[in-house]
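To start, the structure itself, in structure tokens.
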């Protein structure tokens, strides 16, 4: 192990530089994370930025930010959003998924200094790289290993404990294992109000809102692809084509981009969700196809048939309304036998423009 020689710790902290890892440095970053971090290296999937803290070109610390946790009760209660709003706006939060002080960087207050320098620049870096802002960063601390002092010293807010469930290769652990402390750091004033603002345009969220698939939608997706001919040889098929296409379509509807992200999304599905997608059961558990199988099916099927199947699903499910407009009237001189005056109510969907209760009389 190489030990750094610091002339003055306070001067070293003042001259510390935190910058994004360059592409040619990513192998070094991953090797050191795998060697020194107790959780090992984490692949770069989706929106991810890795940082390195240097002093006189010497690496002292590494820190990585990636997609926010899909579910976190303490965080979601603090923000005050419902699951539909939350799912479309998770991209406005980044998760501090790895933080490593290298053996060469054992220096008092280095951790809190790195966190402070990252907080100053990550918002600009995220906007420049991914085209949308960040309003909050989060992290989870294992109390059996750490007490979270470095985050408290950097003025992160402690929100409480998770329920203890953790991600596994099959989705989430069936039982609570070890609750973790939840810490957040707002990057903007009134972060909860911004995250729940009704106008997506003010948040730089363009395009169609991401979906959170419900059980009925999961059941429906494989049936949309049953008429598509399977280009693969019958020998060696482990996963039916409708299941592979349904998983890919579901991942894309939920905001995933790229084969690796689609496969990771499928891997994170729980057993109940996999059953709804009609996944094959192997050794008593529902399995999802590999990244290679997903890629192979998508590049070989006929595009027109896929487009027709997706349009069929979209006609059935793509016009679900996020909000409804209601209007009611009291009918003059319209009195029933019981002496009650009649009312009418109309409900129109904002997205589908469908009148759900056209002039429906109300008791």
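What follows draws every value from the coordinates through simple rules; no lab data is involved. In this text the structure is predicted, and so the values were computed from the model without any measurement. A quick note on method: Cβ atoms are made from the backbone with ideal geometry, for glycine too, and the neighbour counts reach across all protein chains shown.
The Kirkwood hydrodynamic radius of the range 9-203, based on inverse pair distances between different Cα atoms, is 17.6 Å. Once the gyration tensor of the Cα atoms in the range 215-317 is diagonalised, the equivalent ellipsoid follows with semi-axes of 18, 17, 14 Å, ordered largest first. Applying 0.36 nm per residue to the separation of residue 315 and residue 127 and subtracting their alpha-carbon distance, the gain on full extension is 64.3 nm.
Length gained on full extension, residue 70 to residue 196: 43.7 nm, using 0.36 nm per residue less the C-alpha separation.
Averaging Cα coordinates gives a centre for the range 249-290 and one for the range 71-108; these two points are 24 Å apart.
Relative contact order for the range 9-203: what percent, with Cα pairs under 8 Å and sequence separation of 6 or more? After rounding, I find 20 percent.
Cβ-Cβ distance of residue 38 and residue 234, R₀ of 45 Å, FRET efficiency by 1/(1 + (r/R0)^6): the value works out to about 0.45. Where in the range 37-51 is the amide nitrogen less than 14 Å from a point lying 7 Å along the Cα-to-Cβ axis of residue 145? Flagged as within label range: 37-42. Length gained on full extension, residue 163 to residue 275: 37.9 nm, using 0.36 nm per residue less the C-alpha separation. Summary of packing: across the peptides 293-305, 131-143, the per-residue average of other C-beta atoms within 10 Å ranks them, highest first, as 131-143, 293-305. Could you calculate the FRET efficiency of residue 106 with residue 57 from 1/(1 + (r/R0)^6), where r is the beta carbon distance between them and R0 is 25 Å, rounded to 0.05? So the FRET efficiency works out to roughly 0.85.
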